[in-house]
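What follows is one structure encoded as structure tokens, with my remarks underneath.
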Amino acid sequence: MSILKTCNVKYTYDGKKPVLKNISAEFEAGKIYAILGTSGCGKTTLLSLLGGLDSPSEGRVLFREEDILKGGLAGHRKHNVAFVFQSYNLIDYMTAVENVALTAKLAPLPVLERLGLTKEEARRNVLKLSGGQQQRVAIARALASDAGVILADEPTGNLDEDTAAEIMDILRECAHERKKCVIVVTHSIDLAQQADVIFRLKKGELVL
Amino acid sequence: MHVLKRTLLYVSRKWHQSLILFLVLLVVSTSVLTGFAILHASHTAAANLRRQLGGTFRLETDTDNPAHRKNLVSTDQYSATYYAGDVLDNDDIDEVMKTSGISEYSASIEAVANLKSGDGAYYDLVENGHGSHTSFPHMAAIGAWSSLEQCPYFANHLLEVTQGELITDDGTGQAVVSRELAMLNRVEIGDKLTLEINREVVGFEVPAKRQQCTFEIVGIFDIRGEQQINQYTLSRQLLQNRVFVDARTMLPFLRGCTEELGMPVGYDEITFSVDDPAEMDSILQSLQENEAINWECFKITVDNAGYQGAESALKSMDGGIRGMIFAIAAVGGGALVLLLGIWAKSRIHETGILLALGRSKGEILVQRLAESALIALLALGASWVCSGMAANEVGNRLLAQVNRQSGEETKKDSQYSGMPFSAADFDLTPVFSAPKVEELDVELSGDMFASVCAAELLIVLLCAGTAGISVMKTKPKAILTEYE
Ligand SMILES: Nc1ncnc2c1ncn2[C@@H]1O[C@H](COP(=O)(O)OP(=O)(O)OP(=O)(O)O)[C@@H](O)[C@H]1O
Ligand SMILES: [Mg+2]
């Protein structure tokens, strides 16, 4: 059974030219998905619709078979999904632990330690961590929120190859061992290869 | 994470911003509080100053009113009239003093009389030192006063009672003489002094049984100022020969002397001082409702000039302080809007993150408000202490100023400049002494603080709320596109 589903989703910014045309897709828990596509093709737009940052111009987004508009988009963001951004988007006046605690339903420190941060690093202000460490904090924040779906928008875009691979491993582990539904947007085919399912976004349509 | 914890984290971690906001709020609230304290104190100062400057009015017989004049002589070439209306006497004083708000009065009559001691012997008078020339060797000038405290000779310290006491309001049958006169006639405190008024003195017949009135000497004065004396100075013009008696006893005596003439003797004028010159109008109004006083024959003249001058000065100071408070509040408010606005802009990213994490806009706004409110409360607490100190400082200065100002007023009133003076042209306008303000309370009342706190919190919350409207406008998606 799918955890997240789109039905005939259309999206347009200007009311004329649609960015997303007719997207119908299903995402299951325990799997990691990659969405590939050229720059400007609408990957981030799709992710924002899945995460309830915006609502589609037409069509519906369902979480566990229920329209996400029903419980409210903020509620959807709070309980059902968690974002991991390319630029981490951590709150700069907080430590790693505090950033994770923002959403945490689980204790932050063990989650951070499992993702490879030391106790000392976990208590440091996030701006004093490396990019890879910051992204781990962002992923920890997503994991600790205990949401069923993790939406990652080019999570390794700012990282070197080795670190990118590590992050990808972590995300895969999230899907396979923690039974999350992980959706990763990327334009790296190499990274996409590590996903269980690869979608391609072309001309506003999603194809396998 | 609870919104209040986020508030504390923000305020403590972004301490530069918090400090700036704290300082702005501290300066604004300290100035506003101090301003209000000064305002409050200036009202106290005004009240004190008012009492110091005092206000007086005179009750006089309306001798010009033709309705009360009668013909004395009337021939073809020549006519003379005299005032035949009611005169001011002791009963009128008592009636006026019943009016609330009137503190003191001063009534006086000048007269001449022969001086006699208790055993009936005439007094010798002190001579002018340039050869006496008087055909009245026992006749002295008599100053009859309700109270010598208001007599300018004593109020201005030209004369000073150095033995015994002054004549005060309740005294009857009392006299005060000079040391020289007392020594020359070997009299002392407790001795009797008789005033005699007969044809020799006034030029008309006075019934024998009404010619004398006896007083007891209660005080002896020394002369402090220097008199202008030359060969033309009459003995009775010398202050050494001047006798002061109480007016309450003197008036009926003079009346008795002139009764046969049908020309009543009264006080020409009585001066009353009021507790608070600001109340002058209402005091006079209630006074004029007193029907026991014959208002057809008497008129009132008000002297409130000192008070009115000071009042307008204080009013303009008042306006200045109000303007200052308003300006500070306006500038502070502007700075607040600017600061909070700029900071809110710089926090769009943070807002986006919180929104993406599923925080509601309301909760984010609450955090903003809580942050500002927390800092505002700290600033207000500190300003309580600061303005307390500032207000004390200001209070001392105001006190000094008030006393200086009223000191100048008193000096202006004083006629005696140290130059030799002549008793003949001495102005006998009564002088009412003013109490000195010992203490000026510039204090911050709890009420005042509470209302400033409420106003400031309201303004801060309003500013933070306005600035936080950007939160409401932020679309959570913006964070994905704008900050990637
Ligand atoms: N706020 C916006 N208003 C109008 N047009 C927008 C807005 N955001 C994105 N677009 C347009 O929508 C299209 C899809 O944008 P989107 O950000 O989803 O692309 P993307 O696939 O994520 O690209 P990239 O790989 O470069 O991040 C683009 O043509 C972009 O110009
Ligand atoms: Mg994108």
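List of remarks:
- For the range B:424-446, filtered to residues that are at pLDDT below 70 and in a helix (DSSP H, G or I), the residue that is nearest to ligand 1 (Cβ to nearest atom) is B:425.
- Single residue of the range A:80-89 satisfying the filter (more than 7 Å from every other protein chain (Cβ to nearest Cβ) and not in a loop (DSSP other than H, G, I, E, B)) that is farthest from the chain's Cα centre (by Cα): A:81
Residues checked against (1) at pLDDT below 90; (2) more than 14 Å from ligand 2 (Cβ to nearest atom):
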{"residue": "A:33", "(1), (2)": "no, yes"}
{"residue": "A:36", "(1), (2)": "no, no"}
{"residue": "A:61", "(1), (2)": "no, yes"}
{"residue": "A:71", "(1), (2)": "yes, yes"}
{"residue": "A:76", "(1), (2)": "no, yes"}
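- Of the residues in the range B:122-129, at least one is more than 28 Å from the chain's Cα centre (by Cα), closer than 29 Å to residue B:241 by Cβ and modelled with pLDDT under 80.
- Residues of the range A:38-59 classified as farther than 13 Å from residue A:12 by Cα and more than 14 Å from ligand 2 (Cβ to nearest atom), total: 1
- Scanning the range B:235-271 for residues that are of a type in the set (A, V, I, L, M, F, W, C), under 16 Å from residue B:87 (Cα atoms) and part of a strand (DSSP E or B) yields one hit, B:270.
- From the list A:175, A:165, A:144, the lone residue that is away from ligand 2 (no atom under 16 Å from the Cβ), within 14 Å of chain B (Cβ to nearest Cβ) and either at pLDDT below 90 or in contact with a Gly (Cβ under 7 Å, 6 or more places away or on another chain) (or both) is A:144.
- Taking (1) part of a strand (DSSP E or B); (2) free of Cβ contacts under 8 Å to residues at least 12 places away in the same chain in turn, residue B:177 satisfies each apart from (2).
- Residue in the range B:141-159 that is hydrophobic (A, V, I, L, M, F, W, C) and surrounded by fewer than 18 Cβ atoms within 10 Å (Cβ to Cβ) present: no
- Sole exception among (1) at pLDDT below 85; (2) surrounded by 16 or more Cβ atoms within 10 Å (Cβ to Cβ) for residue A:138, by number: (1)
- Residue check, residue A:22 touching a strand residue (DSSP E or B) at 6+ places or on another chain (Cβ under 8 Å), outside any helix (DSSP H, G or I) and over 23 Å from residue A:169 (Cα atoms): yes
- First in the range B:302-331 and without any contact (Cβ under 8 Å) to a residue 40 or more places away in the chain, second anywhere and not in a helix (DSSP H, G or I), Cβ under 8 Å, 6 or more apart: none
- Each residue in the range A:76-90 was checked for being over 14 Å from residue A:149 (Cβ atoms) and surrounded by fewer than 21 Cβ atoms within 10 Å (Cβ to Cβ), and 1 pass.
- Checking A:67, A:54 one by one, the residue that is acidic (Asp, Glu), over 19 Å from residue A:180 (Cα atoms) and at the interface with chain B (Cβ under 9 Å from one of its Cβ atoms) is A:54 and no other.
- Every residue from the range B:188-200 that is surrounded by 19 or more Cβ atoms within 10 Å (Cβ to Cβ) and touching a helix residue (DSSP H, G or I) at 6+ places or on another chain (Cβ under 9 Å): B:195, B:197
- Close contacts from the range A:90-118, counting a first residue that is within 14 Å of chain B (Cβ to nearest Cβ) and a second that is outside any loop (DSSP other than H, G, I, E, B) and of a type in the set (Phe, Trp, Tyr), with Cβ to Cβ under 8 Å and a gap of 6+ residues or different chains, come to A:93/B:10.
- Scoring residue B:449 on the criteria (1) within 16 Å of ligand 1 (Cβ to nearest atom); (2) at pLDDT 80 or above; (3) among the aromatic types (Phe, Trp, Tyr) leaves a single failure, condition (1).
- For the range A:2-53, a tally of residues being at positive phi and more than 9 Å from ligand 1 (Cβ to nearest atom) returns 4.
- Exactly one residue out of A:133, A:193 is away from every other protein chain (no Cβ under 14 Å), under 21 Å from residue A:104 (Cα atoms) and not hydrophobic (A, V, I, L, M, F, W, C): that is A:133.
The values are calculated or read from the model by the stated rules, or taken from the named source; none is laboratory data. Fair warning: this is a prediction, and the values are worked out from it, not measured in the lab. Glycine also receives a Cβ, built like all others from the backbone with ideal geometry; neighbour counts cover every protein chain displayed.
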